[in-house]
Amino acid sequence: MANFTIVQPHSLSMESARAAAQKVADQMAVDYEMSHQWVGDVLEFKRSGFSGTLALVEGSVQLDVLLGFMLRGFAKKIEEQVTKNMHKIFCGDADQDAA
């Protein structure tokens, strides 16, 4: 079961949404040594203490995150930051700050 789920509506085409998700996954691989793979329209990602899926559907994306024991205390802060970042990535809101 996910520690948190974020659903982000968007107006991107499936191709553009997939490209945006891939760009984020590539950066996460560099920054956090996180592995990822596509299974259909679902991006699966994981590293020690952090894993989840990003499912693409027409008009929205759904992120489900599982946190390991050591990160669970930071779940609210992580969820807030990820929510802001997803809005910026999938909605192009320049007023949101990404970390």
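The values are calculated or read from the model by the stated rules, or taken from the named source; none is laboratory data. Not measured: the values here are computed from a predicted model. Note that each Cβ is placed from the backbone with ideal geometry, even for glycine, and that neighbours are counted across all protein chains shown.
Here Ala75 passes the criteria (1) touching a helix residue (DSSP H, G or I) at 6+ places or on another chain (Cβ under 6 Å); (2) assigned to a helix (DSSP H, G or I) except the one numbered (1). Taken together, Val24, Val82, Val65, Val61 contain a single residue that is in contact with a strand residue (DSSP E or B) (Cβ under 7 Å, 6 or more places away or on another chain) and not in a strand (DSSP E or B), which is Val82. Residue pairs whose Cβ atoms lie under 9 Å apart, sitting 6 or more positions apart in sequence or on different chains, and linking a residue in region 66-92 that is surrounded by 12 or more Cβ atoms within 10 Å (Cβ to Cβ) to a partner that is aromatic (Phe, Trp, Tyr) and assigned to a helix (DSSP H, G or I), are Leu67/Phe74.
What about Val24, is it at pLDDT 90 or above and among the hydrophobic types (A, V, I, L, M, F, W, C)?
Against the criterion (at pLDDT 90 or above and among the hydrophobic types (A, V, I, L, M, F, W, C)), Val24 does not qualify.
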